[in-house]
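Nothing in this text is a laboratory measurement; each read-out follows from the coordinates by a stated rule. Values in this document were obtained by computation on a predicted structure and should not be read as measured data. Quick reminder, even Gly has a Cβ in these numbers, built from the backbone with ideal geometry, and neighbours come from all protein chains shown.
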Amino acid sequence: MSQDTHIALTPERQALRDRLKLRVVTVEENGMPVDRLPEGVFGFTTSPSSDELPLFHKPIYQCTEIHKPAGGTVAFIGYVTKKEAETLEAGAEPMALNLYPEPYEEATELVSIPDSRVDRRRLPTRDHGNAMKMDIAPKPEFLGSTSTQN
């Protein structure tokens, strides 16, 4: 990958967007909070821990990609370690992870984390890869098995 090409413009990322039939936010939608945008869009933010999640149409250095698919939940796109990706995919227990906006050290696995599984997001580190620490809930199918009914 040349230095001119931003990581967000790689074929791996584009394949994920194509599978979800997403389009980039328009210039007119630039900076709008994700909840005010139509379904079927993606964009980039430097404020991934913000509740408003303003999205922009052009990626910049260490920005987080956000997806808002049709009929789906908003998702955070980024990189985690192989072990974190496996635990996230299994989804059987709560976990904490560092989501990197770009590959960083051992965090090279591209993941999509639905906001519905995010219990808490912390401010990005702004150094050492700009990771955002996230507390992730188990997948919904595992939540019912541990709860008790009155």
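Details
- In sequence order, region 110-115 has phi-based couplings of 6, 9, 10, 10, x, 4 Hz under the Karplus curve 6.51 cos²θ - 1.76 cosθ + 1.60, θ = phi - 60°, and Gly or Pro positions carry x.
- Legend: distances between Cα atoms for 83/139; 58/139; 21/133; 21/83; 21/82; 58/83; pairs beyond 23 Å are 58/139; 21/133; 21/83; 21/82; 58/83.
- Look at the alpha carbon pairs under 8 Å that are at least 6 residues apart: their mean separation over the length of region 29-150 gives a relative contact order of 22 percent.
- Counting all C-alpha pairs of region 47-87, share separated by more than 15 Å (%): 53 percent
- Shown here for region 47-150: trypsin sites (Lys or Arg not before Pro) in loop regions (DSSP other than H, G, I, E, B) with at most 15 other Cβ atoms within 10 Å, namely 122, 126.
- Distance in nm between pseudo-label sites at residue 92 and residue 19 (7 Å out along the Cβ direction from Cα): 2.3 nm
- All Cα pairs of region 7-143, percent lying beyond 22 Å: 33 percent
- Hz values of 3J(HN,Hα) by residue in region 133-138 - Karplus curve (6.51, -1.76, 1.60), Gly and Pro given as x: 6, 10, 9, 10, 7, x
- Residues whose placed amide H lies under 5 Å from that of residue 41, excluding near-sequence neighbours: 23, 68
- For region 89-150: rounded, prolate or oblate by the Cα gyration tensor [a/c cutoff 1.5]: prolate
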